[in-house]
Structures are given as C-alpha cells and as structure tokens.
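All of the numbers you see were taken from the coordinates with simple rules; none came from a lab. All figures in this text were calculated on a predicted structure; none of them were measured in a lab.
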Amino acid sequence: MRPEKVLRDSPWPHGHPCWVEVQVEHVGRASAFYGQLFGWTYLDHGPDYQHYLTARLDGRAVADIGPRPAGDTTAEPSAWLVCFAVDSTDEAAEQITRAGGTVLLPPLDVGTHGRFAVASDPAGATFAVWQARAYAGTQIAGVAGSVVWHHCLSTDLEASLAFYADVFGHTVSRSSGPDGEKHLLLELGGRPVAGIGEAGPEGPAEGSSHWRVRFGVADLDAALKTVLELGGTLHEGPFGTPQGRCARVADEQGTPFEVLEVGEPV
C-alpha cells in the first residue's frame, strides 16, 4: 500500500483527511526546520490571520504553521492537527456530540477560507473538521515533502471505530503487514483514507489517544540525518510499515511526526 501522488484543487470529499496544521511557540524556527527538511516555501497570511504560514511544495499548499494562542502556557509539545473535510461544520459538530465526542472549539469562520471546529473522539484523540470555501485544503499529497498518511492510536479502539463511522461514514478493513501484524484501515468508498490501532503504553504521547501525521521523504536515512542536524530528535526507528521504511521523530521544538521513505517525486 504505497502512497499515491495526489494533486487536488477542489474540496475533499466529506470524511477525508484534507489538511494538517500545527501551532508552535516559535513560528520562525519551525518554518526554518520544515523548510530545510521538506523543501517548503511559505505564504504569510498577514495580521488578520495571526501571520499563519501556509507551507507550499512546488507552489501547492501542504500544511499550515501558526503561533500558539496568546496566554497558552501548556508545557506539552505542540502536535500536528489532522483536519477532516465535512459538508457542514455545524452539522458535523452536532454529530460529533451525538456520537460521544467532545467539541473543544465550536464552529467558527476563518475569514473567507472556510469554517472550522476542533473536537476529540470518545477516547480523547483530538482532530478538526473543515468546511471548505476559498481554501480547499491540501493540494498535493503522497510524495516526498507532503503528507502521505494519517493514523489514529486509540485507548478504546471499538469506541473510536464506531465514532468515526458515525461522524464521517468510515468503514473498516483489515490488512496484514509483511511480519503478519494486523492493521485496521478507515475507508471511504472502498479506498483507505487513514489507519487506526490501539495506543501502546510506552513512548512520547503513548498511553493516550492521538492522531499521527506521516510525511514523505525521498531518502529516510538522509532525512533522519537532517532532522538531527536541525536540532530535532529520533524517537523510534527506522522500522518497517506496509508503506515502507518509516521513523518517528520530533522537530526542534518537540513536535512529533513521522517520516516515510517514498523516493523522489515523480
């Protein structure tokens, strides 16, 4: 199940991961880190949008990097936030509550870009929903320098599976890795859109439910060298996955993410 290159300029289907973003203490340091690691350039949206930066790969939108809210004294490292496309953010927020989740940030308009809300599933994994207007979401995926996969680790797998089926219409399929390990996939229309599994008891952010974001790199060993040279850390790996060689790392501010070897962009 190797990642496939996707180019998109229209809104993503309801229930499909459509965007990732991160809020960090030092936006300049984060943009420099990811720019050198992934080759990103940036569009600054200006003071009306708190100088959020949209990362671009070959001129196409990949992700957002923004500042932590004023007054946020959370000691925990930032985390990449996975956003799911929805037809209506307000209806999705209501469905999230009915399905046992929690709306953490009620629906709000992000200028003319779209309508946004943040929530958590019944096991506590945080995610967002996005109703696209002028801002469709990710314009390139599946290649080095872009997001190639999203997966959730849950402390209550059955509750999470039922929740995502109710809210987004996901169905579940099972696959086996090269070592015989079982993998659960969330699907839309018979195509996998994300992975899901049980949260383990060890390691950073383990023992709690959370979504992980996996970015593609051309050469994993070279990417890990760059991560360390830029002040990041290696948490785990390299290890094998059904998609290829992967590692779990953190940027120089401690934000965790994964990198997957996908080869050079085609």
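Amide H contacts of His235 (H built 1.01 Å from N, in plane; Pro and chain starts excluded): Arg248, Val249, Ala250 sit under 5 Å, all sequence-distant by 5 or more or on other chains.
Sequence-ordered 3J(HN,Hα) estimates for the range 239-252 from the Karplus curve with 6.51, -1.76 and 1.60 and θ = phi - 60° stand at 9, x, 9, x, 8, x, 6, 9, 8, 9, 9, 9, 6, 6 Hz, glycine and proline given as x. The value of relative contact order for the chain, using C-alpha pairs under 8 Å at least six residues apart, is 20 percent.
For the range 61-169, the convex hull drawn through the C-alpha positions has a volume of 127 cubic angstrom per residue. The Cα-based radius of gyration of the chain, divided by its Kirkwood radius, gives an Rg/Rh of 0.93.
Which value at 222 nm does the chain reach when only helices count, each DSSP H run of 4 or more adding -39,500 (n - 2.57), with the total divided by all residues and rounded to the nearest 500 deg cm²/dmol?
So the helix-based figure for the chain works out to -5000 deg cm²/dmol.
Collect residues whose amide H, placed 1.01 Å from N in the peptide plane, falls under 5 Å from the amide H of Arg8; neighbours closer than 5 in sequence don't count. So Arg8 has HN proximity to Ile140.
Near the amide H of Arg245, within less than 5 Å, lie the amide hydrogens of Glu261, all on another chain or at least 5 residues away, with H placed in the peptide plane. Counted over the range 212-266, the DSSP beta bridges are approximately 75% antiparallel.
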